[in-house]
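Novice: Take this structure first; my questions come after.
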Amino acid sequence: DQQVKQNSPSLSVQEGRISILNCDYTNSMFDYFLWYKKYPAEGPTFLISISSIKDKNEDGRFTVFLNKSAKHLSLHIVPSQPGDSAVYFCAASALYQGGSEKLVFGKGTKLTVNP
Amino acid sequence: KAGVTQTPRYLIKTRGQQVTLSCSPISGHRSVSWYQQTPGQGLQFLFEYFSETQRNKGNFPGRFSGRQFSNSRSEMNVSTLELGDSALYLCASSPGTGGSGYTFGSGTRLTVV
């Protein structure tokens, strides 16, 4: 059962335009949502997160939107730059008894920004 | 401050052998989590250690185990290696107090032949 889904394996956009990456989840217990950027053979790099009590969080060119009723979140990158080309992972976090957390990841979307 | 350090970066082992991977978290972080990344399954949670105790565990067989030392450094062990264990193993550290302040290491690429 895949609790976090990224339905688009790849996305291609032109430099300067907006990139929109989407993510759906099924577990209502998730309380944090995160986006990570990953290059091959490297660990994921944290980009931006949003608490389940908010619907938007912005950090520079990156904005994450959360729609709890639809169990959907999206990452907007404006303007897109060639250096943004990477695999983007959506992740959700649930807090367990004792303070433990674990991240549940989607399978990633490969973003290519063309010059 | 120094990031999360994983050693070794690359490893080749034979089926049936065992392997130990190491992770040094960010100074002051008490939680270390391990993830397995494969092309087919993506990133999957293995287990989390906090203050030398396993706090959470994913759905992996008992061949996968770990431990955490008093300085928060963690090791992960895989016994009786199978070809399907070939993957990138990632370690993430966090303060362990919630809020998902995870920082990942660069990973250990394990190849089982």
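Novice: Pairs of alpha-carbon atoms within less than 8 angstrom and 6+ residues apart define the contacts here; what relative contact order does chain B have, in percent?
Specialist: Details: 295 pairs, mean separation 41.2, N = 113.
After rounding, I find 36 percent.
Novice: Going through region B:41-83, which GluC sites (Glu not before Pro) have at most 16 other Cβ atoms within 10 Å and a DSSP loop state?
Specialist: For GluC sites (Glu not before Pro) across region B:41-83 that sit outside H, G, I, E and B with at most 16 neighbouring Cβ atoms in 10 Å, the list reads B:Glu52, B:Glu82.
Novice: If each Cα of region B:15-85 is one equal point scatterer, what is log10 of I(q)/I(0) from the Debye formula at q = 0.14, 0.22 Å⁻¹?
Specialist: Reported log10 I(q)/I(0), two decimals: -0.43, -0.98.
Novice: Using only protein heavy atoms and a 1.4 angstrom probe, determine the accessible area buried between A and B, summed over both sides, in Å² to the nearest 100.
Specialist: The A and B chains share an interface burying roughly 1800 Å².
Novice: Averaged over all directions, how much area does the convex hull of the C-alpha atoms of the protein assembly as shown cover when projected, in nm²?
Specialist: For the Cα atoms of the protein assembly as shown, the hull's average projected area reads 12.5 nm².
Novice: Something else now. Would you please report the Å³ per residue occupied by the convex hull of the alpha carbon atoms in region A:8-63?
Specialist: Per residue, the Cα convex hull of region A:8-63 comes to 125 Å³.
Novice: For chain A, what is the charge dipole size about the Cα centre, in debye to the nearest 20, if Lys and Arg each add +1 at the Cβ and Asp and Glu each add -1 at the Cβ? Provide the component values of the computation, followed by the final result.
Specialist: Details: 12 positive and 10 negative charges, 32 e Å.
Its charge dipole is roughly 160 debye.
Novice: Run the dipole for the protein assembly as shown about the Cα centre, Lys and Arg Cβ at +1, Asp and Glu Cβ at -1, nothing else charged, and hand back the magnitude in debye, nearest 20.
Specialist: Dipole about the Cα centre, nearest 20: 240 debye.
Novice: Moving on. Is the shape of chain A best called rounded, prolate or oblate, per the rule: a/c under 1.5 gives rounded, else a/b larger than b/c gives prolate, else oblate, with a ≥ b ≥ c the square roots of the Cα gyration tensor eigenvalues? All intermediate terms of the calculation are to be shown ahead of the outcome.
Specialist: Numbers: a/c = 1.91, a/b = 1.63, b/c = 1.17.
Prolate, because a/c is 1.5 or more and a/b exceeds b/c.
The values are calculated or read from the model by the stated rules, or taken from the named source; none is laboratory data. If you're wondering where the values come from, they're calculated on a predicted model, not measured in any experiment. FYI the Cβ positions are ideal-geometry reconstructions off the backbone, even for glycines, and counts take in every protein chain you see. With ligands, DNA and RNA removed, areas are computed over all heavy atoms of the protein, side chains included. Shrake-Rupley method; radii C 1.70, N 1.55, O 1.52, S 1.80 Å.
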